[in-house]
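None of the figures in this text is laboratory data; all of them are computed from the coordinates on show. Model, not experiment: these values are computed from the prediction. With ideal geometry, Cβ positions are generated from the backbone for all residues, glycine too; neighbour counts draw on all protein chains shown.
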Amino acid sequence: MGTSCCRRRCSRSIRARRSSPSNKRPAVKVALLGGSFNPPHVGHLMAATYVHATQGVEAVWLMPTFHHPFGKQLESFEARVRMCEALCRETSGWLQTSLVEREVGGGGRTVDTLAFLVERHPDIQFSLIIGSDILRDLPNWKDFDRIQKMAHVLVLYRAGYPAPDTVGPPLAEVSSTQVRELLARGQEPAELVPSGVLAVAREAGLFGLGAPRARAD
Ligand SMILES: Nc1ncnc2c1ncn2[C@@H]1O[C@H](COP(=O)(O)OP(=O)(O)OP(=O)(O)O)[C@@H](O)[C@H]1O
Ligand SMILES: O=C(O)c1ccc[n+]([C@@H]2O[C@H](COP(=O)([O-])O)[C@@H](O)[C@H]2O)c1
């Protein structure tokens, strides 16, 4: 999948729109869900599904970070992309994985990614999904005001992080941190991570999976 695929799919709908007799058709709407995805989990899937089901967007693009702006230590970009692609396979095709953050490079700031996407896809109207836990970090984001000019920002209510002006009901109480902690204890987070994502993680030996476990005796 990846960016090229997002471009292909969107180009198709854009071409269809351009060949339409009316040029008053609304823009193609795409919601972006950026994240570490270390690993992706059912909370990401629920967030994307909620937005696709209620916000009138044709597609949701997962944008795994290439360089995390705050320097989080993560599994490799390629491995996280493969896990995101496995998450996307849980849907009928409206959820796609974008490699754009690798293409943009730099410090991994969302404003730069968004500016790049807006220029590349002038016919797409972007919205940006963030969970309400992110609100406390926003003062440290680069140019959040500019982000709001380029995209409609949708703040989803992440369970445990109530805030004013969130959209929708509280979403699943699950995090990648919790998943990593379970894996580190040798527990299978089968109820929190789709099996296809876990299969990719296992096959690639991510999060210590498949590594020899220390014996207590
Ligand atoms: N359970 C959830 N409900 C709603 N939004 C979520 C949920 N989990 C993640 N998100 C949102 O998805 C985006 C990407 O999240 P990220 O990949 O950092 O996952 P995370 O679970 O927060 O990871 P970590 O525990 O490693 O910090 C963020 O905007 C975050 O708020
Ligand atoms: O643009 C910024 O300054 C900025 C600072 C921190 C995080 N972000 C983005 O926010 C998204 C969620 O980040 P995180 O740490 O919750 O995985 C991800 O796409 C990051 O690139 C963006």
If amide H atoms are modeled at 1.01 Å from N in the peptide plane, then the residues at a separation of 5 or more from Gln125, or on another chain, having amide H under 5 Å from its own are Val28, Lys29, Val30
Sorted by chain and then number, the residues having a modelled amide H within less than 5 Å of the amide H of Leu154, at least 5 places away or on another chain, are Leu128, Ile129, Ile130
Three-way shape label, the stretch 25-75, alpha-carbon gyration tensor, a/c 1.5:
oblate
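Pulled fully out, how much extra length does the chain show between Ala53 and Ser92, if you take 0.36 nm times their separation in residues and subtract their Cα-Cα distance? All intermediate terms of the calculation are to be shown ahead of the outcome.
Numbers: separation 39, 0.36 × 39 = 14.04 nm, distance 1.25 nm.
Length difference between fully extended and current span is 12.8 nm.
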Cα gyration tensor of the stretch 20-121, axes a ≥ b ≥ c as square roots of the eigenvalues: rounded (a/c below 1.5), prolate (a/b > b/c) or oblate?
oblate
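Determine, for Val167, Val30, the number of other Cβ atoms within 10 Å of each Cβ, and report the residues in order from fewest to most. Walk me through the numbers on the way to the answer.
On the way: Val167 15, Val30 24.
Exposure proxy ranking, most exposed first: Val167, Val30.
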In whole Hz and in residue order, list the ³J(HN,Hα) couplings for the stretch 69-84 that follow from phi through the Karplus curve 6.51 cos²θ - 1.76 cosθ + 1.60, θ = phi - 60°; x for Gly and Pro.
x, 9, x, 4, 7, 10, 4, 4, 4, 4, 5, 5, 5, 4, 5, 5
For Lys29, the lysines lying under 19 Å Cα to Cα, once residues fewer than eight places off in the same chain are dropped, come out as Lys149
What residues qualify as long-range amide H neighbours of Leu95, i.e. H under 5 Å apart, gap of 5 or more or another chain, H built at 1.01 Å from N?
Val60
So, in Å, what gap is there between the alpha-carbon centers of the stretch 113-143 and the stretch 37-104?
14 Å
